Amino acid sequence: MKQEIIIAGFGGQGVLSMGKILAYSGLMEDKEVCWFPSYGPEQRGGTANVTVILSDEKISSPVLNEYDIAIILNQPSLDKFEKAVKKGGILIFDDYGIIHAPTRKDIRIFKIDAMNTAVSEGYEKAFNMIVLGGMLKLSPIVSLESVMRGLKKSLPERHHKLLPINEKAILKGMEIIQET
Amino acid sequence: MVEEVKLMKGNEAIAHAAIRYGADGYFGYPITPQSEIMETLMEEAPWETTGMVVLQAESEVAAINMVYGGAACGKRVMTSSSSPGISLKQEGISYMAGAELPALIVNVMRGGPGLGTIQPSQADYFQTVKGGGHGDYRLITLAPASVQEMADHVALGFDLAFKYNNPAMILADGVIGQMMEKVILPDFRPRKTEAEIRAEQPWATLGKPKGRKPNIITSLELDSHIMERNNLRFQEKYRKIEANEVLYEELLCADADYLIVAFGSAARICQKTVELARAEGIKVGLFRPITLWPFPSVALKKYAEKIKGILTVELNAGQMVEDIKLSVECKVPVHFFGRLGGIVPTPDEALKALKAML
Amino acid sequence: MNRMEMIKPENLVYTKPRLMNDNPMHYCPGCSHGVIHKLVAEVIDEMGLEEQTIGIAPVGCAVFAYNYIDIDWQEAAHGRAPALATAVKRLNPDKMVFTYQGDGDLAAIGTAETIHACNRGENIVIIFVNNAIYGMTGGQMAPTTLLNMKTATCPFGRNEQLNGYPLKIADLLAQLDGTCLVTRQTVHSAPAIKKAKRMLRRAFENSMAKKGTSVVEFVSTCVSGWKMTPEQANEWMMENMCEKYPLGELKDI
């Protein structure tokens, strides 16, 4: 079993850290994991993306042509990665700021209203966890328990008090994701 | 001891492995995409535990010369940088080769020339294996293709450097430096004591006990006859390294009609290309040089008799391909595919190039 | 007293420093380097630091300093001696580490290494021999060459429009928080040599006491580059060099 995932959006949306938590969750389940980010000044304000691969077998290339799941958080990323989803694969997007919605018919497309929800629920910083929750609902690659353990591992101890909020956000994401 | 599996970036693995190896010092200057090496070292503060010195220098030039000074004391010292910074370090590297000093240098390559790009590249192959600085010398060059190898090559690089009193380089790139994978870090080893260094590196400048001649570390020799003898001694050493220290990895090469030859991140990408090609019935294998100098020429030459063609994949305009052609002596066609400017080719791009040569 | 009596040990009033060997020096007759080498050798010996001293030689006239004083030495690339010394001292905090550099090495190509080693307050001694000219390469202009002074690369005299001004690097180093001693000395007379040795010893003591960076500048002559006799050179130095580079302590804390 192997899942090849791309997460893409603006810098500051927690794209890289969402990928990191996913990777740590995979580590908790003894999977092979690879996390390969875009890096450089584009992280701040520009688009950022990260490839996360979780697999039961050794991972070859960190660089991929196509993905099982694409999580898209802004328009430039949608333009770039919609075409890179494998036939029959999953595209998840938050339509906040999206002008041209995805159009492909040979993949499953889901919408998650994460930005608005994060603001209305009062945990803006856990926005990316809402999105992660949505993805886990569709494709439970890792268990919620592993995610929470991964989160604990990837967060510095001083931030551990934020764990309950993050869990709440993940559960919320599972609740609000919907197929378009 | 139970081995703990950790998840970290290649750059971070280098830092942790250096502390655990018992390195005495790291001297560096920040540059993307390798700054996590010094950041991790500063965060770990090994001067409080193992006694390792970590210092941010005023420039890459100063950093490599600090490495020279530390190495001349017989200490396990290292530096790291990325392409433009490595160009600045060439002076010190040449002097260390000339003074026969062991040290570890890490280059997490980005695209050039000039400031170029901060994105991954393998365009410093020539610079690394053909010289880089001035004078006839060689640099032991290791090309890790995983985060685990980033960690493992720290010990390997130091060990080879000290075995031959010669600088060694880990030649990685932005992909290997920035990606996170599982890694098992080596066990902690104690740093060498001064008494051990005095015994194992009798040439070290640690202060002259009464009765011993002064130790003088220099690359200077104005008498041409003596200098030629020095040069010949270096060359003899290089031939010994070429005979004994070649490392490479073969993946599905035994029954292959074609070989892809690639190193570092390009080799990782081409592993997938091989998977894809095999699924289509193309009998292709991956040959991955781990030491770029010494280059695995003998092993490659053996394949030249058995296969129909070689595809070299590099993140540059075609550099290692020259060494491959020299190795196979025109016995088999050698093709090249590469991307430039910091673009990392995808596995299917390489597959397309492979199919084009069938 | 006849000759045989004079050379009896009990009548000895002066001897070559123990750490100086018998290698014939390559320095020109009348050059200040010989005297400064002697002082370095004496101070190391008198302080009992022979077994724990590491010297860093420069590129320039003193490139072969390691041939004359019997201690462990490292030969640096041009200008990089303070970087080497930084690592040697940090990796061996209880050793005595000094650099020996000329004006081109310290104040031109190695300016960055010099300033930053001083600014970090590395516990080293920097011995700076300033003769306002590149001696080894044949008398070219140095950063410290005086205005109107003729050299091979300013044959009509140093011109501030073309070449800028003489660099008072020691004054600059005295401003840095990392330095504890910055002093300017000469070795042109017996009293001057005595004073210079005292300051050199203070610098070495500072280093062992980890007080920060000590810089001892020797305003010096270059008989070949200046095209003068040793006597003329000393006179010219006192008259011209010491006007631009006044002697004494710029900083001593």
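Since every read-out is calculated from the coordinates, none of them should be taken as a lab result. If you're wondering where the values come from, they're calculated on a predicted model, not measured in any experiment. Heads up, the Cβs are rebuilt from the backbone with ideal geometry, glycines too, and the neighbour counts pull from every protein chain shown.
Out of every Cα pair in chain A, what percent are spaced more than 19 Å from each other?
Numbers: 8657 of 16110 pairs.
The proportion of pairs with Cα distances above 19 Å equals 54 percent.
Give me the inter-chain shielding for A:24-36: mean count of other chain Cβ atoms within 10 Å, whole number please.
Numbers: counts 2, 0, 2, 6, 1, 0, 2, 1, 2, 4, 8, 8, 11.
Per residue, the average neighbour count from other chains is 4.
Which of B:K75/B:K302; A:K58/B:K283; B:K182/B:K325; A:K31/A:K137 have a Cα-Cα distance over 29 Å? Display every interim value, and only then the final one.
On the way: B:K75/B:K302 40 Å; A:K58/B:K283 21 Å; B:K182/B:K325 35 Å; A:K31/A:K137 19 Å.
Listed pairs above 29 Å: B:K75/B:K302; B:K182/B:K325.
In what sequence do C:Y134, A:Y67 fall when counting other Cβ within 10 Å, fewest first?
Numbers: C:Y134 25, A:Y67 22.
The most exposed by this proxy come first: A:Y67, C:Y134.
Quick check on the protein assembly as shown: of the DSSP beta bridges with both residues there, what percent are antiparallel, nearest 5%? Could you put the intermediate results ahead of the total?
On the way: 39 of 112 bridges.
Antiparallel bridges: around 35 percent, rounded to the nearest 5.
At 25 °C and 0.890 mPa s, grab the translational diffusion coefficient of the protein assembly as shown from Stokes-Einstein with a Kirkwood Rh over Cα pairs, rounded to a whole number in µm² per second. Could the numbers behind the result be given before it?
Details: Rh = 29.4 Å.
The estimated diffusion coefficient comes to 84 µm²/s.
Over what distance in Å are the Cα centres of region B:72-103 and region A:3-21 separated?
Taking the Cα centre of region A:3-21 as reference, the centre of region B:72-103 is 37 Å away.
Restricting the count to DSSP beta bridges whose residues both fall in region A:2-179, what percent are antiparallel, rounded to a multiple of 5?
On the way: 17 of 30 bridges.
Around 55 percent antiparallel, to the nearest 5.
Only bridges whose two residues both fall in region C:105-253 count here: according to DSSP, what percent of them are antiparallel, nearest 5? Provide the component values of the computation, followed by the final result.
Numbers: 7 of 19 bridges.
Given both bridge residues lie in region C:105-253, the antiparallel proportion sits at roughly 35 percent.
Give me the log10 of I(q) over I(0) for region A:118-169 at q = 0.22 Å⁻¹, as the Debye formula computes it from C-alpha points; what are the numbers?
For the requested q values the scattering log ratios are -0.83.
Just add up the charged neighbours of B:A63: K/R +1, D/E -1, any other residue whose Cβ is under 14 Å from the Cβ of B:A63.
Values: positive: B:K89, C:R80, C:R90, C:R120; negative: B:E58, B:E60, B:E91, C:E113.
Around B:A63, the charge tally is 0.
Which whole number in µm²/s is D for region C:144-253 by Stokes-Einstein, with the Kirkwood Rh taken over Cα pairs at 37 °C and 0.692 mPa s?
Working: Rh = 15.2 Å.
In µm²/s, the coefficient is 216.
Over the residues of chain B, compute the C-alpha Rg and express it relative to 2.2 N^0.38 Å.
1.00
Among C:R3, B:R198, B:R239, B:R191, which comes first, then next, by fewest other beta-carbon atoms within 10 Å? Walk me through the intermediate numbers first.
On the way: C:R3 6, B:R198 16, B:R239 12, B:R191 19.
By the 10 Å Cβ count, ascending: C:R3, B:R239, B:R198, B:R191.
Tell me, what is the FRET efficiency for B:K283 and A:K168 to the nearest 0.05, using R0 = 60 angstrom and their Cβ-Cβ distance as r?
Values: r = 54 Å, r/R0 = 0.89.
Approximately 0.65, to the nearest 0.05.
Scattering from the C-alpha atoms of region C:15-252 alone, worked out with Debye: what is log10 I(q)/I(0) at q = 0.18 1/Å?
Rounded to two decimals, the profile gives -1.43.
Quickly estimate the mean residue ellipticity at 222 nm for the protein assembly as shown, helices only: each DSSP H run with n ≥ 4 gives -39500 (n - 2.57), and the total goes over all residues, rounded to 500. Each step should come with its number before you reach the end.
Values: 28 runs with 294 residues, N = 791.
So the calculated ellipticity at 222 nm is -11000 deg cm²/dmol.
Lys and Arg at +1, Asp and Glu at -1: add these up for the other residues within a Cβ distance under 12 Å of C:D103 and post the number. Please list the in-between numbers first.
Working: positive: C:K168; negative: C:D105, C:E217.
In short, -1.
Most fluctuating residue of C:L173, C:L12, C:L49 in a GNM of chain C with Cα springs under 10 Å: which is it?
Between C:L173, C:L12, C:L49, it is C:L12 that shows the largest mean-square fluctuation.
Taking the Cα-to-Cβ direction at C:E5 and at A:E175 and moving 7 Å from each Cα, how far apart do the two end points lie in nm?
Label-label distance for C:E5 and A:E175, simple model: 11.4 nm.
Summarise the partner chain shielding of C:62-71 as one whole number: the mean count of Cβ atoms from other chains within 10 Å of each residue's Cβ. Can you show the working numbers first?
Working: counts 0, 3, 4, 0, 7, 2, 0, 1, 4, 6.
Whole-number average of other-chain Cβ neighbours for C:62-71 is 3.
Given the C-alpha centroids of region B:147-171 and region B:327-349, what is the distance between them in whole angstrom?
26
Could you work out the mean projected area of the convex hull around the alpha carbons of region C:31-122, in square nanometres to one decimal?
5.6
Over all Cα pairs of region B:5-194, how is the pair count split among 5 Å bins, expressed in % and running from 0 up to the last occupied bin?
Taking every Cα pair in region B:5-194, the percentages come to 1, 9, 19, 23, 23, 15, 7, 2, 0.
So what are region B:249-356's ellipsoid semi-axes, whole angstrom, largest first, if each one is the square root of 5 times an eigenvalue of the alpha-carbon gyration tensor?
Details: eigenvalues 68, 57, 29 Å².
Rounded to whole Å, the semi-axes are 18, 17, 12.
Sort C:L250, B:L247, B:L315 so the one with the fewest other Cβ atoms within 10 Å of its own Cβ comes first. Display every interim value, and only then the final one.
Working: C:L250 20, B:L247 17, B:L315 30.
Ranked by crowding around the Cβ, least crowded first: B:L247, C:L250, B:L315.
Return the subset of C:K38/C:K194; B:K208/C:K38; B:K163/B:K210; C:K16/C:K194 for which the Cα-Cα distance in this structure is over 22 Å, preserving the input order.
Working: C:K38/C:K194 12 Å; B:K208/C:K38 18 Å; B:K163/B:K210 28 Å; C:K16/C:K194 16 Å.
In this structure, B:K163/B:K210 exceed 22 Å between Cα atoms.
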